[in-house]
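Written below as structure tokens is the structure these notes are about.
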Amino acid sequence: MAENSPQKHYDVIIIGSGPAGYTAGVYTSRAKLSVLVVTGTLPGGQLMTTSEVENYPGFPSGIFGPELMMNMRQQAERFGAVVVDDEVTQVDFKKRPFKVTTHSESYDSDAVIVCTGASPRKLGLKSEQQFGGRGVSYCATCDGPFFKGEDIVVVGGGDTAVEEATFLTKFGKSVKVVHRRDTLSASKIMQEKALNNPKIEFVWNNVVSDIKGDKKVGTVLVKDLKSGKETTLKAGGLFVAIGHEPNTSIFKGQIDLDDKGYITLKEHTRTNVEGVFAAGDVHDHRYRQAVTAAGFGCMAAIDVERWLSEKRANVRR
Ligand code: FAD
Ligand code: NAP
């Protein structure tokens, strides 16, 4: 916890504490703004749920996700950002100063950066939780290289599933795509690539019904939705690629969201509400990487600092 005790008004409140939130915290507090970061129920964000991160620049031997995120938190606190482990339950962006309410406090600020990320959709199986980080993954770009020579199962039929399956053929011995329909919704060009890839086999009209193994995933059970027949697939890894849900329910009616619930940006990192900015997976469903989220956090912080300076200069004039 930062030495600074929480105050009620801040120049900027950052909602969310993944790579986007903490990076925005480093930049805004280093720019001498008063900064509050509200961490949410997953302090450190999605990387707290993984082991080794091999693709974050600056760590040639890799770094554990939780260690990377603790480092980012300390870096933001070093420059004076106040970090509170609480969840925002309500926001009022209708007038400035903006109001941000958590379970235990109410704060206000001149600017807000929304960094609440997105959560991978889950299959909802008990065994999925049990094998999380032990063969069950939600990100091929992140974890693919850990599955060299393995039989791999991918679930889903959209662009992500098809793209991830194609990517995973670089590492896996075989890749099976389990999809609950008999057609894909992925773009035609990506479908063609996957359908013509000899390493990829499609298991149509099937859903994953269970995951079994000893210390890690060993087999994946699938159920045919037409016949009800269950089949056991040998698998060292299961990649769940059935979409993401942006964490934006509290912003409905406050800022513009697209039809999937992601925040839409107007200009650089600005939302449609002047003074409210967004960064990371909460608006970016294309890249979804720690380094891109951190990059967006930096951009939002610079935009906030410039916007506040302009506003304050205008008031003085
Ligand atoms: P997130 O990390 O999603 O953080 C969102 C934050 O918002 C959380 O702190 C949450 O508590 C907070 N929040 C949500 N709602 C509220 C609220 N109401 N009030 C306050 N706070 C709130 N990427 C890589 O580059 N390399 C990898 O190796 C890698 N491995 C991954 C492994 C796994 C298992 C997963 C799930 C993802 C992985 N990723 C990896 C992707 C990467 O983690 C994300 O792209 C990145 O974390 C997105 O950062 P973010 O800051 O936008 O949001
Ligand atoms: P998506 O398009 O929503 O597809 C989700 C897939 O998962 C669908 O096949 C869906 O099947 C299936 N699914 C959903 N819930 C399921 C469940 N509980 N059990 C089993 N299957 C389930 O998600 P996405 O593929 O992640 O793509 C998200 C967005 O990003 C899209 O707009 C996509 O075009 C874009 N994207 C683009 C690229 C690219 O251009 N390179 C790459 C990746 C993603 P149903 O059809 O039956 O619902």
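Legend: translational diffusion of region 67-192 by Stokes-Einstein, Rh = Kirkwood radius over C-alpha pairs, 10 °C, 1.306 mPa s; D = 86 µm²/s. Taking only protein heavy atoms and a 1.4 Å probe, the accessible area of the chain is 49% carbon and sulfur. Counting only cysteine Cβ atoms and a cutoff under 4.7 Å, the chain contains unmatched residues Cys115, Cys298. Among the trypsin sites (Lys or Arg not before Pro) found in region 50-126, those both in a DSSP coil and sparsely packed, with 11 or fewer other Cβ atoms within 10 Å of their Cβ, are Lys94, Lys95.
Bridgeable lysines around Lys8 (alpha carbons under 27 Å apart, same-chain partners fewer than 8 residues away excluded): Lys32, Lys94, Lys95, Lys99, Lys252, Lys311. For region 127-136, 3J(HN,Hα) computed residue by residue from phi via the Karplus equation (6.51, -1.76, 1.60; θ = phi - 60°) reads 5, 5, 5, 4, 9, x, x, 10, x, 9 Hz, glycine and proline entered as x.
Based on alpha carbons, the Rg and Dmax found for region 122-240 are 13.0, 39 Å.
Across region 239-293, the fraction of Cα-Cα pairs farther apart than 19 Å, rounded to a whole number, is 27%.
The peptide list 155-162, 12-19, put in order of mean Cβ contacts within 10 Å with the highest first, becomes 12-19, 155-162. The packing ranking of peptides 251-262, 221-232, highest mean first, is 251-262, 221-232, where packing means the average number of other beta carbon atoms within 10 angstrom of each residue. By the rule of a C-alpha distance below 14 Å, with chain neighbours fewer than 8 residues away ignored, the aspartates and glutamates paired with Lys122 are Asp210, Glu245.
Along the axis of the charge dipole computed for region 161-299 (Cβ charges of +1 for Lys and Arg, -1 for Asp and Glu, origin at the Cα centre), the listed residues Phe171, Gly218, Phe251 are led at the positive end by Gly218. Placing +1 on the Cβ of every Lys and Arg and -1 on the Cβ of every Asp and Glu, with no other charges, gives region 164-317 a dipole of roughly 340 debye about its Cα centre. Across all C-alpha atoms in region 168-314, the radius of gyration and Dmax reach 21.5, 70 Å. Size descriptors for region 89-162: radius of gyration and Dmax over Cα atoms are 19.6, 56 Å. Relative to the longest principal axis of the Cα atoms of the chain, helix 65-78 runs at roughly 10 degrees. Projected onto their three principal axes, the Cα atoms of the chain cover extents of 71, 37, 33 Å, largest first.
The values are calculated or read from the model by the stated rules, or taken from the named source; none is laboratory data. Everything numeric here is computed off the predicted structure, so don't read it as measured data. Positions of Cβ are generated from backbone atoms using ideal geometry, with glycine treated the same way; all protein chains shown enter the neighbour counts. Note: accessible area is taken over every heavy atom of the protein model, side chains too, but ligands, DNA and RNA are not part of it. Shrake-Rupley method; radii C 1.70, N 1.55, O 1.52, S 1.80 Å.
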